[in-house]
1. State, in angstrom, two size descriptors of segment B:240-293 derived from its alpha carbons: Rg to one decimal place and Dmax to the nearest whole number.
2. Using 7 Å Cα-to-Cβ label points, what is the B:THR93/B:LEU183 separation (nm, one decimal)?
3. As a footprinting exposure proxy, order B:LEU189, A:LEU66, B:LEU137 by other Cβ within 10 Å, with the fewest listed first.
4. Rg/Rh for chain B: what does it come to with C-alpha atoms and Rh from Kirkwood?
5. Using the alpha-carbon centroid of each, what span in Å lies between segment B:268-305 and segment B:53-73?
6. What is the distance in Å between the Cα centres of segment B:120-192 and segment A:62-140?
7. P(r) tail for the protein assembly as shown, what percent of Cα pairs lie past 29 Å?
8. Would you please state which residues of segment B:233-251 a label at B:GLN157 would reach in this model, taking the label point 7 Å out along Cα→Cβ and a backbone N cut-off of under 11 Å?
Amino acid sequence: MAKYGSNSVVVAFDDAAGDAQTMTQYVQEINGIDVEAMLEESHTFGDAWFESLASGLRKVSGDITLGGLYDDTSTTGPDAIFNAPASGPSVTTRTLTITFGGSKTFSVECFIKKYSRPLSRGKLHRYTVALQSTGAVTEA
Amino acid sequence: MSKYGSNSVGPILVGGYNLVNHTTDIPAMGAESVMEQSDTMGDAWQESTPVGLRKGAFGIRGFYDDDAETINESLLGTQGTPKVVCVLADGNTVGQSFRGMAGACGYKLSRVPVRGALHKVNADFTVTGEVEDGVVLQPYEAETADGNGTAHDSGLQGEAIDITASSEADPTEISTDDPHLLLTGDYVLIAGHTGSTPDINGVHAVTVTGASTFTIAVEVTVAGTGGTVQRANTRDGGAGYQQIGAYTGITGYVGKVQHSADNTTWADLVTFANVTAARNAQRIAASGVVRRYTRYVVDVTGSGSLTVFGGFSRA
């Protein structure tokens, strides 16, 4: 068993052509990867304790949000990769893969839901991108 | 330079007012795609699908100022009125990017007095319509006379396709090794083609005759071979943005965005409405082919000066 720090993280995201691009050097924040099983209360009359059952549906809780310094590097920079909120139902999903350390990875298909460029006095321009996952998570 | 700091921020133009000297933060400037949960019975994982609707967001935080023609005057009393917004986050020079919105309105304006601090202003906008990324063609600066701005080169589009040969014909037909993916009306740059009389290297308008053939309006008397062809235009139109701040003395102003395939022969792409007073902001859409080079043209009537910004966003 090993523990890992931020130096071990690798972030990869597909470009518009479906080719995985390493984005690690542009990402300073990841809001957290939450995988959740949807439960339903199942206790009945006569039960003294709450009971729950898994409904069989799982999801990634909320959006996966990445953030970092805005960079206008063409083709492979964060603005080139993330500045494309999904335009409609026919848009192809993109694969997000996060390596936490060692060989363990988290992968899920996503739509780019929101891209923002907040500006702040005395600071470098930043970007944030919210990714809406869809479908199965692959843990490898 | 690929990263930028707050010192790089140029004009923040809202309905013809430049608010950069009052703005300390822009907490939201972007677009969001509306999603709907789409998983069904039998699915083990939740799924989502974009519904085809996107929405913009824009907000300003800054210092309250009740001087004429500053932040309070520009925002107060006009809630619900759509404003054209242009944010030059990366600088005020030709070729830098800007973000444009045509319908920033319905906003909430808060004036925030705080003990021991300067009064602040918070303005949050609801954006109706597109949020677009464009290129600065006319920096926001004073102009007093007619003139053509510096051309911006958006580069060639798609991939360079190898040319097989040109034909002895009028017009000559160019054949390519692979499908060229061109449409009639496109402009192309032919380079490295040898042996033809006359030399056909350069920019030409095309007429498509087949998946791997097209003609250009040149009579070739000796066929040539080789070289490459690459498209020199985009096809989906775009939008021109213009913001006018100060305006004194002159009696009329018509700004234009022009385009060119070769940076020599220019045609009007967008013509803004005649402006006769200060604090004017316009967004004009353009459809179809937008050639490789764009520039902004100043056309002043009368004697005086105005402060003007011009830019273009390709779709």
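1. 13.1, 37
2. 3.5 nm
3. B:LEU189, A:LEU66, B:LEU137
4. Radius of gyration over Kirkwood radius for chain B works out to 1.09.
5. 25 Å
6. One Cα centre to the other: 28 Å.
7. 59 percent
8. Once the point is set 7 Å along Cα→Cβ of B:GLN157, B:233-238 turn out to lie under 11 Å by backbone N, inside segment B:233-251.
All of the numbers you see were taken from the coordinates with simple rules; none came from a lab. Note that the coordinates shown come from a computational prediction; the quantities given were computed from them, not determined experimentally. All Cβ positions, even for glycine, are placed from backbone atoms using ideal geometry, and neighbour counts span all protein chains on display.
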